[in-house]
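These notes concern the structure reproduced below.
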Amino acid sequence: MNRDISTKLFKQAEQILPGGVNSPVRSFKDIGETPIFIEKADGAEFIDADGNNFIDFCLSWGVHILGHNHPSIIEAVKKALDKGISYGTCCENEAKLADLVCSCYPSMDKIRFVNSGTEATMSAIRLARGYTKRDIIIKFDGCYHGHSDSLLVSAGSGVTQINEASSEGVPYDIIKNTISIPFNDIEMVKEVFANNKDKIAAVILEPIPANMGVIIPKDGYLESLREITQQEGSLLIFDEVISGFRVAPGGAQKLYNIQPDLTCLGKIIGGGFPVGAFGGKAEIMNLLAPNGPVYQAGTLSGNPIAMAAGLAAISTLIKPETQQLIQENSNHFIKQLTENLPAETTLNHIGPMFTIFFSKQQPQCFEDVKKCDFERFREFYKYMLESGVYLSPSQYEANFISAVHDEDVVGGVIEWMKGFK
Ligand code: PLP
């Protein structure tokens, strides 16, 4: 496969963009290659600058659950553009999209739109602290909640150990109130609560982690988190930026029948435009400015183009026929994948998302994922890329199946995969 033009474009980009990119994973650093540059995307596929075709399982990091360029989104955006790009004041679609989203999430009476998942989690934490009047938050190693300072924390070597910032530039004073512990270990959660009586504002997690690859919560784990947080007067925040509207229209909370206090959403709800959101019970949400003392704002929040795109995306997605398509496509592809996995790998999957781990054991937490054979993953990744299959370019990421990844589209993928030795 000739990728000369992409390579040239990347070299040019490196001159002016740090690392040649505007978000680090795009750089293919984990793969040891230079990234491909996309010329055009449609449905389940895209074409790169050299004219190569790829079947896309990254889908803009999980945004395009309907496939690229879904006609309903394109039409809605074109119509919205005719009416202006951004007003900086109110438009009807904000409340319409809010209604639609909240109707799928009984845990949310009210919602606020922001511009990214990062903003959603950052603001949800501020709100949780404002509501509980406590400072400490618990997060889990390997769960990613965007790049705000207080969430860029990696674990120390035990609950009593001091956590460390996972990025330079984050002062200890900011992360000293964040405790990061292993996912799927409920005893650890109990220990942290016992050691920090009446100090924990919230527990934030991806209920189905997807940022260390897809990890399945152990039976009863999410239920226990709900029970403990309730007993301790702390809020439970589900970051459903990835799982929301994906594993079910009502997200992981619907799948596991658990009502968190706050929910964060992103990706799918913007139909491909920069949108995030957080919501919960009115009693908590009413603390937000201008009603209450917790400040949060945004010049482009709820902007008309993003709201129109989100409305079109969600309205289409929650139709029974779309849900059926996604389910059929997922079932078919996951079955094929399971039967033809490369040697010494494990598949973690739920609904339309999956990760092939280069590990014989099924990873259940970040420490497990770190033990994968990364060299083998790299070889596999390059092999699949050469075959025209674009997977998320890291062992720590999830891959996604859309409403248009049907049997015809994915048929060849399994055949190519079988050739990997
Ligand atoms: N939360 C989760 C679970 C995510 O996967 C991401 C991004 O991938 C974020 C938050 C941050 O979202 P954004 O990149 O839109 O800031």
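The values are calculated or read from the model by the stated rules, or taken from the named source; none is laboratory data. Since we're looking at a predicted model, the values are computed, not measured. All Cβ positions, even for glycine, are placed from backbone atoms using ideal geometry, and neighbour counts span all protein chains on display. We work out accessible area using only protein heavy atoms, side chains counted, and drop any ligands, DNA or RNA first. Shrake-Rupley method; radii C 1.70, N 1.55, O 1.52, S 1.80 Å.
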Next item on the list: Determine the share of the range 53-153's accessible area contributed by carbon and sulfur atoms, expressed in whole percent, with a 1.4 angstrom probe.
Entry: 53 percent
Check: What is the spread of the Cα atoms of the range 307-421 along each of their three principal axes, largest first, in whole Å?
Finding: 43, 31, 22
Next item on the list: Using only the Cα atoms of the range 249-384, construct the convex hull and provide its projected area averaged over every direction, in square nanometres to one decimal.
Entry: 11.9 nm²
Note to self: I need the per residue convex hull volume for the range 108-195, using only the alpha carbons, in cubic angstrom as a whole number.
What the structure shows: 118 Å³
Margin query: Under 22 Å between alpha carbons: how many lysine pairs meet that in the range 115-234, if sequence neighbours fewer than 8 apart on the same chain are excluded?
Written below: 14
Item checked: Rough spin-label spacing in nm, given labels placed 7 Å along Cα→Cβ, for Lys190 and Lys29 -> 4.0 nm
Check: If you roll a 1.4 Å probe over the heavy atoms of the protein chains, what accessible area per residue do you get for the chain, in Å²?
Finding: 44 Å²
Next item on the list: Return, for the Cα atoms of the range 1-145, the radius of gyration and Dmax in Å, separated by a comma.
Entry: 20.0, 58
Next item on the list: On the full set of protein chains, 1.4 Å probe, figure out the accessible area of Ser387 and give it in Å² to the nearest 10.
Entry: 30 Å²
Next item on the list: Sticking to Cα atoms, compute the Rg of the range 89-143 to one decimal and its Dmax as the biggest Cα-Cα distance, whole number, in Å.
Entry: 13.8, 40
Checklist line | Cα-centre dipole for the chain with unit charges at Cβ (Lys and Arg positive, Asp and Glu negative), debye to 20 | finding: 720 debye
Check: Under the classification rounded if a/c is under 1.5, otherwise prolate if a/b is larger than b/c and oblate if not, where does the range 249-309 fall, given a ≥ b ≥ c as square roots of the Cα gyration tensor eigenvalues?
Finding: oblate
Next item on the list: Please quote Rg/Rh for the range 122-262 to two decimal places, taking the Kirkwood radius as Rh and restricting both calculations to Cα atoms.
Entry: 0.93
Notebook entry, point to check: Considering the dipole of the chain built from charges on the beta carbon (Lys and Arg +1, Asp and Glu -1) around the Cα centre, which of Ala49, Pro352, Gly266 is farthest to its positive end?
Noted result: Gly266
Margin query: Show me, bin by bin at 20 Å from 0, the whole-percent P(r) of the chain based on Cα pairs.
Written below: 26, 59, 15, 0
Next item on the list: Work out the P(r) tail for the range 179-227: percent of alpha carbon pairs separated by more than 16 Å, whole number.
Entry: 39 percent
Notebook entry, point to check: ³J(HN,Hα) across the range 376-389 via Karplus (A = 6.51, B = -1.76, C = 1.60, θ = phi - 60°), whole Hz, x for Gly/Pro?
Noted result: 5, 4, 4, 4, 4, 4, 5, 4, 5, 4, 4, 7, x, 10
Item checked: Convex hull of the range 188-299 built on C-alpha atoms - directionally averaged projected area, nm² -> 8.4 nm²
Margin query: What does the charge count around Asn115 come to, taking other residues whose C-beta lies under 14 Å from its C-beta (Lys +1, Arg +1, Asp -1, Glu -1)?
Written below: 0
Check: Quick one: of the DSSP bridges fully inside the chain, what percent are antiparallel, nearest 5?
Finding: 55 percent
Next item on the list: Note down the nm distance, to one decimal, between modelled labels 7 Å out along Cα→Cβ at Lys421 and at Asp99.
Entry: 6.2 nm
Margin query: At a threshold of 8 angstrom on Cα-Cα distance, excluding pairs fewer than six apart, so keeping six or more, what relative contact order does the range 1-151 reach in percent?
Written below: 12 percent
Notebook entry, point to check: Which FRET efficiency, nearest 0.05, do Glu339 and Asp149 yield, Cβ-Cβ r, R0 45 Å?
Noted result: 0.50
Note to self: Compute a Gaussian network model of the chain, connecting alpha carbons closer than 10 Å, and tell me which residue from Asn286, Asn257, Asn211 fluctuates the most.
What the structure shows: Asn257
Check: Carbon and sulfur: what percent of the range 304-421's accessible surface (1.4 Å probe)?
Finding: 49 percent
Check: FRET efficiency for Gln362 and Asn69, Cβ-Cβ distance as r, R0 = 41 Å, nearest 0.05?
Finding: 0.70
Note to self: Taking the Cα of Ile318, stepping 7 Å toward and past its beta carbon, and measuring to each backbone N in the range 85-104: which are under 18 Å?
What the structure shows: 92-104
Check: At Cys90 and Asn286, where each label point lies 7 Å from the Cα along Cα→Cβ, what is the point-to-point distance in nanometres?
Finding: 1.8 nm
Next item on the list: From the C-alpha gyration tensor of the range 20-103, pull out the three semi-axes of the equivalent ellipsoid (sqrt of 5λ each), sorted largest to smallest, in whole Å.
Entry: 31, 16, 14
Notebook entry, point to check: Once fully extended, how much extra length lies between Glu14 and Glu328, figured as 0.36 nm per residue of separation less the alpha-carbon to alpha-carbon distance?
Noted result: 108.9 nm
Next item on the list: Go through Ala194, Leu205, Tyr221 and say which Cα lies farthest out towards the positive end of the charge dipole of the range 185-224; charges sit on Cβ, +1 for Lys and Arg, -1 for Asp and Glu.
Entry: Ala194
Next item on the list: Search the structure for amide H atoms under 5 Å from the amide H of Ser180, placed 1.01 Å from N in the peptide plane, and list their residues when 5 or more places away or on another chain.
Entry: Lys139, Gly156
Next item on the list: Pull up all non-local amide H partners of Glu39: gap of 5 or more, or a different chain, and H-to-H distance under 5 Å with H placed in the peptide plane.
Entry: Ile47, Asp48, Ala49
Note to self: Suppose only helical runs count, i.e. DSSP H with n ≥ 4. What mean residue ellipticity at 222 nm does that imply for the chain under -39500 (n - 2.57) per run, divided by all residues and rounded to the nearest 500 deg cm²/dmol?
What the structure shows: -11000 deg cm²/dmol
Check: Counting only protein chains, not ligands or nucleic acids, how are Arg226, Arg26, Arg376 ordered by accessible area (probe 1.4 Å), most first?
Finding: Arg26, Arg376, Arg226
Next item on the list: Determine ³J(HN,Hα), in whole Hz, for all residues of the range 259-273 in sequence, where each value follows from phi through the Karplus function 6.51 cos²θ - 1.76 cosθ + 1.60 and θ = phi - 60°; x replaces Gly and Pro.
Entry: 9, x, 7, 9, 10, 10, 10, x, 6, 4, 5, x, x, x, 9
